[in-house]
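Report on one structure; see the data block that follows.
The values are calculated or read from the model by the stated rules, or taken from the named source; none is laboratory data. All of these numbers come straight from a predicted model, not from anything done at the bench. Here Cβ is always computed from backbone atoms with ideal geometry, including for glycine, and neighbour counts include all displayed protein chains. Heavy atoms of the whole protein, side chains included, go into the accessibility calculation; ligands, DNA and RNA do not. Shrake-Rupley method; radii C 1.70, N 1.55, O 1.52, S 1.80 Å.
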Amino acid sequence: MKALLIWPIMPNSFWSYQETIDLAGLRATNPPLGLITVAAMLPSNWEIRLSDRNVRLETDADWQWCDIIIISAMIIQKQDFSDLIQKGKKLGKKVAVGGPFATSVPEFALELGADYLILDEGECTIPMFLEAIEKGEEKGIFRATEKPDITQTPLPRFDLLELDAYIAMTIQFSRGCPFQCEFCDIINLFGRKPRTKTPAQILAELEVLYQMGWWRYVFIVDDNFIGNKRNAKIFLKELIPWMEKRNYPFRLLTEASLNLAEDDELIELMVKAGFVQVFMGIETPDVQSLVGINKEQNTRSSLVASCHKITKAGLQIMSGFILGFDHEKPGAGKRIQEFIEETNIPQAHLSLLQALPNTTMWTRLQKEGRLMDSVGKYFTSQKSLMNFVPTRPTTEIVREFIDAFWNLYEPLPYLKRTFRHFMMMEGWQAKYQRNLTKAEWNFLMAIFWRQGVLRSTRFVFWWQLIVMAWRKYDLLYDYLIALGAGEHFFKFRHEVKVQLEIELAELQQQEQQNKTIDLQLEAVS
């Protein structure tokens, strides 16, 4: 069997960092870890080609060569996912799909004619799919009722990747999260009992990357790295000597819940293992909203104090914030801005609330008759309106969002906030010993030129750079990378503003038409 594995195009969004990767001469942020793991599960006698369409488009020859297309996608990749299924069917190829989008909304792929739906977690459903292929079955939907033991997950096929195209490589330590946030689909996809790989597995994956010459960022893509704190600590205690022996070849990134601040040992272990950044879902500083979405783990202690503690220990925080929760009070956008300024968080993932398919929130809103279109063109992007009727006027919420997103990514406030964030760091720092690549030098030169020469930020930029080099030299590289990340947001905020204003105008026009029709009907009656 000849299989072409395809990762669809990722539209420009908060996570694409398009302007940043363009400056660095790269093509994408992260590789498709799911697909290269699936590749490792396929029979050894299959011929496999991988196409990450964010890096390089597959050729006509690739389509002619293959017997079957295997596509994985997230909801934000909906458009290209759709186009690829239709192209495969038009060319007479068998099409198999999987990943979070197909698992959450299987009817979408079915309506487009996908032959095989490999849903849920591949360790369980890939064998079902292969058995069906072996039997000559032309179609099939493969689902699992149980969660797999990921200590049996094979080592991903990193050899299929064009390593130099990416900002960071990806690995996975755990799946699942113990919390029950109403809007989150992670517990639907992976369950509430976090399952972890063994330390030996993860170290083997890191060793492969190290031997391949990848000595840069590694993103541990767990939705909550500390969901199983006990196993996380066991892994970190083995990771630390491994990293020390190799002079810390990787800067590690991950996602974790804010209750990390409650565990001093865990914070220290993460820092000493080489973690430099952690994404945290803070969502909102409004306690009433947090309780309403069942995110009470963020209400146990001061959010500001928790953030400061983690930052001071040496971890850069990236955070998620959301506007549009039920019973949210006016001015929520302004309060989020003030919180971000107080905590000095550089990169704040601010978005409008959207109900994800089959989450607790989705089910509740559906019962209440408030759910609208589920997967519109920009769904799960900052460029999409809410897909439900909120409890306060949509226009009010969206205007707050546009203002907040715009203000957060004004170049000068971003520059100052990033500086304050790194100056807060007092913890131990790893000494990374490697030479910068040509792409990294070009990227740093581009930052110097834009922020230190072209913009009015120039005087602040050079003063802060001198202070950082003098007082926090070990953090200088990560500080400059954070400034470079800002380049994406400085540009992307324009796209967000324009698109949301278009959608808002369309919504208001529709509301006015509906009001006119209601008045006409009332007059007739």
(request) Subtracting the Cα-Cα distance from 0.36 nm times the residue separation, let me have the gained length for residue 247 to residue 165 in nm, one decimal. (result) 27.1 nm
(request) Could you please state how large a percent of the accessible area of the stretch 154-300 is carbon and sulfur, counting protein chains only and using a 1.4 Å probe? (result) 51 percent
(message) What does the charge count around residue 226 come to, taking other residues whose C-beta lies under 12 Å from its C-beta (Lys +1, Arg +1, Asp -1, Glu -1)?
(response) -3
(request) Mind putting a number on the dipole of the chain about its Cα centre? Charges go on the C-beta only, +1 for Lys and Arg and -1 for Asp and Glu, and I need it in Debye to the nearest 20. (result) 1280 debye
(message) Under the 0.36 nm per residue contour assumption, what length would be gained going from the current alpha-carbon distance of residue 1 and residue 455 to full extension?
(response) 157.9 nm
(request) With all distinct Cα pairs included, what does the Kirkwood hydrodynamic radius of the stretch 333-464 come out to in Å, to one decimal, could you say? (result) 18.3 Å
(request) Excluding residue 68 itself, calculate the net charge of residues whose Cβ lies under 10 Å from the Cβ of residue 68, where each Lys or Arg counts +1 and each Asp or Glu counts -1. (result) +1
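If contacts are Cα pairs under 8 angstrom and at least 6 residues apart, what is the relative contact order of the stretch 94-179 in percent?
Result for the stretch 94-179 is 22 percent.
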(request) Step through the table entries 2/377; 295/416; 334/383; 245/309, compare each Cα-Cα distance with 23 Å, and write down the pairs that go over it. (result) 2/377; 295/416; 245/309
(request) Using DSSP to define loop residues, name the trypsin sites (Lys or Arg not before Pro) in the stretch 133-173 whose beta-carbon has at most 10 other beta-carbon atoms within 10 Å. (result) 135
(request) Identify the GluC sites (Glu not before Pro) of the stretch 47-137 meeting these criteria: DSSP loop state and at most 14 other C-beta atoms within 10 Å of the C-beta. (result) 137
(message) Compute and list, largest first, the equivalent-ellipsoid semi-axes of the stretch 269-397 from the alpha carbon gyration tensor, each √(5λ) rounded to a whole angstrom.
(response) 29, 16, 14
(request) Please compute the net charge surrounding residue 318, taking Lys and Arg as +1 and Asp and Glu as -1 over other residues with Cβ under 13 Å from its Cβ. (result) -1
(message) I'd like the Kirkwood hydrodynamic radius of the stretch 174-313, using the inverse of the mean 1/r over distinct C-alpha pairs, in Å.
(response) 15.9 Å
(request) Return the distance in nm (one decimal) between the two label points of a simple spin-label model at residue 521 and residue 462, each offset 7 Å from Cα along Cα→Cβ. (result) 6.7 nm
(request) Would you mind estimating how fast the stretch 298-365 diffuses translationally, via Stokes-Einstein at 25 °C and 0.890 mPa s with the Kirkwood radius over Cα pairs, in µm²/s? (result) 179 µm²/s
(message) If you average the C-alpha positions of the stretch 11-66 and of the stretch 326-348 separately, how far apart do those two centres end up, in angstrom?
(response) 35 Å
(request) Under 20 Å Cα to Cα from residue 272, which aspartates and glutamates show up? Leave out anything in the same chain fewer than 8 places away. (result) 205, 207, 222, 238, 244, 255, 262, 263, 264, 426, 474, 478
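With a Förster radius of 45 Å, plug the Cβ-Cβ distance of residue 442 and residue 86 into 1/(1 + (r/R0)^6) and report the FRET value to the nearest 0.05.
Calculated value: 0.70.
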(request) Could you state the accessible area per residue of the stretch 1-109 in Å², with a 1.4 Å probe and every protein chain left in place? (result) 39 Å²
(message) Tell me the carbon and sulfur percent of the accessible area for the stretch 394-525, rounded to whole percent, probe radius 1.4 Å.
(response) 58 percent
(message) Among 161, 215, 292, whose Cα projects farthest towards the positive end of the dipole of the chain, with charges put on the beta-carbon of Lys, Arg (+1) and Asp, Glu (-1)?
(response) 215
(message) Could you give me D for the chain, from Stokes-Einstein at 25 °C and 0.890 mPa s, where the hydrodynamic radius is the Kirkwood radius over C-alpha pairs? Units µm² s⁻¹, please.
(response) 100 µm²/s
(request) Return the distance in nm (one decimal) between the two label points of a simple spin-label model at residue 45 and residue 198, each offset 7 Å from Cα along Cα→Cβ. (result) 3.0 nm
